[in-house]
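The values are calculated or read from the model by the stated rules, or taken from the named source; none is laboratory data. Every value quoted in this text rests on a predicted model; they were computed, and no experiment measured them. In this analysis, Cβ positions are derived from the backbone assuming ideal geometry, glycine residues included, and neighbour counts consider all displayed protein chains. For the accessible areas, the whole protein counts, side chains as well, though only heavy atoms, and no ligand, DNA or RNA atoms are used. Shrake-Rupley method; radii C 1.70, N 1.55, O 1.52, S 1.80 Å.
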Amino acid sequence: MSSESVKVVVRCRPMNEKERANEFERVVSVNVKLGQIIVRNPNEASASSPPTVFTFDSVYNWNSKQIDLYNKSFRPLVNSVLLGFNGTIFAYGQTGTGKTYTMEGLRNDPERRGVIPNAFDHIFTHISRSQNQQYLVRASYLEIYQDEIKDLLSKDQSHRLELSERPDTGVFVKDLSSFVTKSVQEIEHVMKVGNQNRSVGATNMNEHSSRSHAIFVITVECSELGVDGENHIRVGHLNLVDLAGSERQAKTGAEGERLKEATKINQSLFALGNVMSALVDGRTSHIPYRDSKLTRLLQDSLGGNACTVMVANIGPASYNMEETLTTLRYSNRAKNIKNKPRINDDPKDALLREFQEEIARLKAQLKKRSGEKKKKKQRRAGEGSNGEDLEGETEDDDEDGDDNGDYWREQQLKLERERNAIMEDHSLVAEEKVQLLKEKEKKMEDLRREREAGELIEAKVKAMESKLLVGGENIVDHTNEQQRMLQQRKHEIAEKKDREREMQQQMECRDEETLELKETFTSLQQVVDSKTKKLRKVFARLQAMNAEIHDIQEEHSKERQKLEQNQNDLTKKLKLKHLIIENFIPPEEKSELDSRVYFDEEDEHWKLKPITPAVHIPTLKLNLPPRTTLDYQVPVVAPAMLEALRNALKIEDVMVIDASDCERPASTISGLRKSKSGRSRASKRSSSPSSPGPPLYPKCRGLVPK
Ligand code: ADP
Ligand code: MG
């Protein structure tokens with residue numbers, strides 16, 4: 001099955017009265033030849049920035065004609081519906097940009113009729129020109145408002161419909177009414193009725209239509225004798241969708257119903273956008289069709305088996321620029337959606353099949369009746385003319401109207417004659433007469449009923465047959481209108497041929513140039529391709545490198561911090577050393593050290609050279625003052641006394657004395673003992689038992705108050 005992209009065409013409407021009066025700037029330009037829409041930013045600040053360019057399948061400017069749009073962008077799609085494909089045309093865009101104008105246009109103005117009326121003409125003209133095919137056309141019309149489906153052709157406009165799904169035919173609206181239409185006039189009438197229902201209950205029709213989606217569905221069924229000798233039916237559905245305005249519905253300030261409305265509108269178009277994104281993305285297999293009724297109904301048209309054309313409508317003025325860009329971006333995405341169109345061959349729900357079967361059944365019934373009738377006739381004829389040969393007539397299938405009429409008339413007259421005969425027969429008793437007359441009356445009544453039933457079936461067959469359209473004969477119905485159309489088309493074709501010729505000439509002139517350009521293009525394209533590949537690789541490497549650089553920078557900065565800290569510490573130490581050197585080392589020593597110090601490269605340390613013997617070591621002689629004291633003489637103590645003293649001191653050995661009040665530092669008795677034998681004068685003074693001073697024992701801090 002071949003795939004086909006969704007076709008996207010863009011149409012820019014003309015400036016309207018108001019815009020012209022206010023002298024709004026035009027920011028949109030349309031390059032029809034290249035299929036480009038160019039949007040310029042009107043702001044002073046960004047005047048120098050390049051304009052945004054979008055390319056589409058076709059683009060139409062403010063001078064575009066409805067019929068050109070139809071012939072170029074929609075006719076092929078409707079043709080495929082006539083072949084049994086499903087097709088969808090939907091108009092997308094901000095309110096007031098021409099969606100309804102494009103889809104419906106002005107129905108009574110042949111120049112300004114939109115896609116829908118043009119499709120009506122196209123379909124019925126096609127049928128009238130067909131041969132050996134039988135068609136059945138029906139129409140439905142529905143509206144989606146606040147995610148609820150309303151049947152615009154139903155009598156009960158308050159009723160809401162539900163969606164359902166069947167594996168063979170996909171998603172459909174349950175109980176949606178559809179009307180079989182035999183001509184353009186009939187289908188136009190259906191549309192008119194639907195439009196009237198659309199406006200019922202809407203206080204402001206414009207506002208309502210900008211907030212609801214309208215879908216007109218035409219089903220074309222075609223039956224044709226296949227090569228296998230069987231009748232085959234193809235069914236094509238054409239969905240003509242006029243979407244709600246794509247502008248962001250302001251939620252601010254909205255309350256209750258309005259808030260609900262705004263949310264729902266945003267939701268369905270948002271869901272449509274999500275479906276498109278998911279379809280284009282390719283990374284996800286989940287397409288969120290179920291997020292809204294709109295997306296479910298359009299499931300076939302987006303990524304399904306339908307052919308789809310999306311018309312994006314935009315406005316040209318500067319104040320619409322943001323919305324215009326949004327619409328263009330949105331539609332640009334849709335270009336990449338792929339569908340797989342498939343013919344609907346012999347679907348189970350084909351109404352045409354039902355019609356054909358019902359007609360065949362009724363005809364068989366009629367045949368049976370006529371068979372009985374003929375038998376009676378034969379019998380009668382046999383009675384009357386002694387077996388006159390009537391065989392030729394028995395083969396007659398067709399119920400000839402006159403023959404029929406004659407038969408009934410004959411029967412009627414016969415019964416009446418018989419009744420009169422009974423009435424006039426005087427030999428009969430009154431009671432017998434009444435009885436016979438009653439019988440005759442009953443027979444007449446039966447006859448009438450039988451006749452009526454036959455007529456009813458015939459009428460039904462005729463009505464059903466009239467709904468099945470066949471080519472050739474129907475041309476008569478359309479002749480005038482279609483001949484006019486034909487003339488118009490011929491005229492257009494002639495014009496187009498002229499234009500084609502002109503273009504051909506131009507093309508021939510440029511042929512060589514084109515060839516050259518093409519060659520360069522192919523080679524350039526190759527270059528671009530390989531460069532793009534390389535660029536991708538290089539870019540990936542660049543990203544890896546950037547990440548690495550980042551890591552390295554971080555590491556480096558940490559390292560630097562550490563080093564700075566270190567440097568600070570070292571500087572402090574150095575300063576301290578300098579301070580010591582400056583203040584505590586005599587200048588001669590310093591210079592001597594300076595001369596000795598060297599840096600050991602191997603050990604990477606500063607070292608001092610050993611002192612050489614030649615070096616003069618200064619011997620400093622102190623000029624001491626004459627001595628004014630005597631050496632201490634140990635007193636002579638009796639041995640018994642010494643022993644007693646030693647014992648006394650031994651007991652006190654571990655006692656710690658709190659001497660914080662004393663001028664002297666805390667010490668132990670053993671310390672005392674030790675100092676007793678020491679050489680220092682100060683310690684001698686403090687440790688001497690004879691020396692005066694505060695008591696060495698803790699003060700009593702007991703119960704006695706001070
Ligand atoms: P929408 O349905 O998008 O809200 P309409 O179709 O109602 O917009 O268009 C708004 C107005 O602009 C209508 O008066 C319509 O006639 C006019 N208009 C839109 N497109 C065109 C066009 N291509 N040429 C002329 N008039 C247009
Ligand atoms: Mg509209």
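Which residues, taken from the stretch 55-68, are within 9 Å of ligand 1 (Cβ to nearest atom) and either under 19 Å from THR308 (Cα atoms) or of a type in the set (Asp, Glu) (or both)?
TYR60, GLN66
Looking at the stretch 303-343 only, could you name the residues that are under 28 Å from PHE172 (Cα atoms), open to solvent by less than 20 Å² (accessible area, probe 1.4 Å) and in a helix (DSSP H, G or I)?
Passing the criteria: SER331, ALA334.
In the stretch 12-39, which residues are open to solvent by 10 Å² or more (accessible area, probe 1.4 Å), within 26 Å of the chain's Cα centre (by Cα) and within 13 Å of ligand 1 (Cβ to nearest atom)? First the steps, then the outcome.
Of all residues in the stretch 12-39, those open to solvent by 10 Å² or more (accessible area, probe 1.4 Å) come to 13-18, 20-26, 29-34, 36, 38.
Of the ones still in play, those that are also within 26 Å of the chain's Cα centre (by Cα) are 13, 36, 38.
Matches in the stretch 12-39: ARG13 only.
Residue by residue, here is whether (1) over 30 Å from GLN365 (Cβ atoms); (2) of a type outside the set (Val, Ile, Thr) holds:
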{"site": "LYS414", "(1), (2)": "no, yes"}
{"site": "GLU418", "(1), (2)": "no, yes"}
{"site": "ILE422", "(1), (2)": "yes, no"}
{"site": "SER427", "(1), (2)": "yes, yes"}
{"site": "GLU431", "(1), (2)": "yes, yes"}
{"site": "LEU436", "(1), (2)": "yes, yes"}
{"site": "LEU447", "(1), (2)": "no, yes"}
{"site": "GLU450", "(1), (2)": "no, yes"}
{"site": "GLU455", "(1), (2)": "no, yes"}
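VAL9: within 27 Å of MET310 (Cβ to Cβ), away from ligand 2 (no atom under 16 Å from the Cβ), hydrophobic (A, V, I, L, M, F, W, C) and open to solvent by 30 Å² or more (accessible area, probe 1.4 Å), yes or no? Give the steps one after another, and end with the answer.
Numbers: within 27 Å of MET310 (Cβ to Cβ): yes; away from ligand 2 (no atom under 16 Å from the Cβ): yes; hydrophobic (A, V, I, L, M, F, W, C): yes; open to solvent by 30 Å² or more (accessible area, probe 1.4 Å): no.
When the stated conditions are applied, VAL9 does not pass them.
Is it the case that some residue within the stretch 422-442 is surrounded by 11 or more Cβ atoms within 10 Å (Cβ to Cβ), at pLDDT below 75 and in a loop (DSSP other than H, G, I, E, B)?
yes
Counting only residues that are within 8 Å of ligand 1 (Cβ to nearest atom) and either at positive phi or not β-branched (Val, Ile, Thr) (or both), how many does the stretch 88-102 have? Steps first, please.
We begin by selecting, within the stretch 88-102, every residue within 8 Å of ligand 1 (Cβ to nearest atom); these are 91, 93-102.
Those still in the list that are either at positive phi or not β-branched (Val, Ile, Thr) (or both) too: 91, 93-94, 96, 98-99, 101.
Residues meeting the conditions: 7.
Within the stretch 97-104, does at least one residue satisfy the condition of being touching a Gly at 6+ places or on another chain (Cβ under 6 Å), buried (at least 21 other Cβ atoms within 10 Å of the Cβ) and part of a loop (DSSP other than H, G, I, E, B)? Before the answer, list the steps.
Going residue by residue through the stretch 97-104, those that are touching a Gly at 6+ places or on another chain (Cβ under 6 Å) are 97, 99, 102-104.
Still in the list and also buried (at least 21 other Cβ atoms within 10 Å of the Cβ): 97, 99, 102-104.
Okay, now just the ones that are also part of a loop (DSSP other than H, G, I, E, B), so 97, 104.
Checked against the condition, which is being touching a Gly at 6+ places or on another chain (Cβ under 6 Å), buried (at least 21 other Cβ atoms within 10 Å of the Cβ) and part of a loop (DSSP other than H, G, I, E, B), the stretch 97-104 yields at least one hit.
Can you give me the ranges of the strands (runs of 3 or more DSSP E) entirely in the stretch 107-214 with at least 3 residues that are within 16 Å of ligand 2 (Cβ to nearest atom), closer than 29 Å to GLN356 by Cα and touching a residue at least 60 places away in the same chain (Cβ under 8 Å)? Write out each step before concluding.
Working: elements: 133-145, 148-151, 163-166, 170-173.
No strands (runs of 3 or more DSSP E) qualify here.
Residues to consider are ASP291, ASP300, ASP346, ASP281; find the one that is open to solvent by 20 Å² or more (accessible area, probe 1.4 Å) and in contact with a His (Cβ under 7 Å, 6 or more places away or on another chain).
Values: ASP291 fails: in contact with a His (Cβ under 7 Å, 6 or more places away or on another chain); ASP300 fails: in contact with a His (Cβ under 7 Å, 6 or more places away or on another chain); ASP281 fails: in contact with a His (Cβ under 7 Å, 6 or more places away or on another chain).
Going through ASP291, ASP300, ASP346, ASP281 in turn, just one is open to solvent by 20 Å² or more (accessible area, probe 1.4 Å) and in contact with a His (Cβ under 7 Å, 6 or more places away or on another chain): ASP346.
Being open to solvent by 10 Å² or more (accessible area, probe 1.4 Å) and among the polar types (S, T, N, Q) is the filter here; which residues of the stretch 71-96 pass it?
Result: ASN71, SER73, ASN79, SER80, ASN86, GLN94, THR95.
Of all residues in the stretch 128-142, which are in contact with a strand residue (DSSP E or B) (Cβ under 6 Å, 6 or more places away or on another chain) and surrounded by fewer than 21 Cβ atoms within 10 Å (Cβ to Cβ)? Spell out the reasoning first.
Start the filter on the stretch 128-142 by keeping residues that are in contact with a strand residue (DSSP E or B) (Cβ under 6 Å, 6 or more places away or on another chain), which leaves 133-142.
Those that are in contact with a strand residue (DSSP E or B) (Cβ under 6 Å, 6 or more places away or on another chain) and surrounded by fewer than 21 Cβ atoms within 10 Å (Cβ to Cβ): GLN133, ARG138.
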